[in-house]
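The values are calculated or read from the model by the stated rules, or taken from the named source; none is laboratory data. As the structure is a prediction and not an experimental result, all values here were calculated from the model. All Cβ positions, even for glycine, are placed from backbone atoms using ideal geometry, and neighbour counts span all protein chains on display.
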Amino acid sequence: MDRRKTISLAMCVALVGGVGVGCSDLPGDKESQGAVIGGVTGAAAGAILGGEDNRLLGALIGGAAGAGGGWLIGSQLEKADEDDREDAIQAAQRAERNPATAEQARSARTADINGDGYVTMDEVVALDQAGLSDDEIIQRLERTDMFFDLSQRQQQYLRDRGVSDRVVREMNNVNADVRRQAEQRLQERERDTSSQSIGRQR
């Protein structure tokens, strides 16, 4: 099974049981789908769902970054943990079911238009559709105090919907101090996991 099929099937893992979406339209037969679904969980799902360049957010939350087809692109540091996985999935589902509008974006102070502690792709698109300048959009992204983590596919999605290349490029650099804290948290978790694994082997 090629990587594209694996990614599609992994996305199904994040959706099944959440919004009731089936996998009948995904590539591969039921047996191959079942093998992927059975083998992709937690941080591993996050890495596959978000892509290699979206490992941070996906790994911290445990796969929720890919829920709803990868809608989740930003998170408050305090909401970027495996304990927050359900909240993150719900945020992604809301984005898919009820995308933010330009009218809502105009009245929002930050890019977190619905105030749920996450930024989803529809919210960034809504900011652009509201007629805000690049500087205004970037300022609202900064005001969230979130770190952002976009895969190449997510970046292209935003560009295809009119978000400027400048905004897309800047997003991974917004609130760099928060991103560094997130990276440090992931490194600490990986060290703890490695230490526990070594301890069990002794």
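Are there any pairs, at least 6 apart or on different chains, whose C-beta atoms fall under 8 Å, with the first in segment 130-157 and within 12 Å of V174 (Cβ to Cβ) and assigned to a loop (DSSP other than H, G, I, E, B) and the second at pLDDT 95 or above and charged (D, E, K, R), and if so, which?
Note: pairs meeting the criteria are T144/D112.
Does R166 satisfy the condition of being at pLDDT below 95 and either assigned to a helix (DSSP H, G or I) or at positive phi (or both)?
No: the conditions fail for R166.
Within segment 109-120, identify whether any single residue is part of a helix (DSSP H, G or I) and of a type outside the set (D, E), and answer yes or no.
No - not one qualifying residue is present in segment 109-120.
Being of a type in the set (V, I, T) and at pLDDT below 90 is true for just one of I73, I89, I138, I113. Which residue is that?
After applying the criteria, what remains is I89.
Kindly establish whether A105 is in a helix (DSSP H, G or I), in contact with a strand residue (DSSP E or B) (Cβ under 8 Å, 6 or more places away or on another chain), in contact (Cβ under 8 Å) with a residue 12 or more places away in the chain and crowded, with 17+ Cβ neighbours inside 10 Å.
In short, no.
Out of R143, R191, R97, which single residue is among the charged types (D, E, K, R), at pLDDT 90 or above and more than 17 Å from G74 (Cα to Cα)?
Every option except R97 fails the conditions.
Take segment 156-174 and flag every residue that is surrounded by fewer than 20 Cβ atoms within 10 Å (Cβ to Cβ) and of a type outside the set (G, A, S).
Listed by number, the residues that qualify are Q156, R159, D160, R161, D165, R166, V168, R169, E170, N172, N173.
State all residues of segment 163-178 that are closer than 18 Å to Q152 by Cβ and of a type outside the set (A, V, I, L, M, F, W, C); if no residue qualifies, say none.
Passing the criteria: S164, D165, R166, R169, E170, N172, N173.
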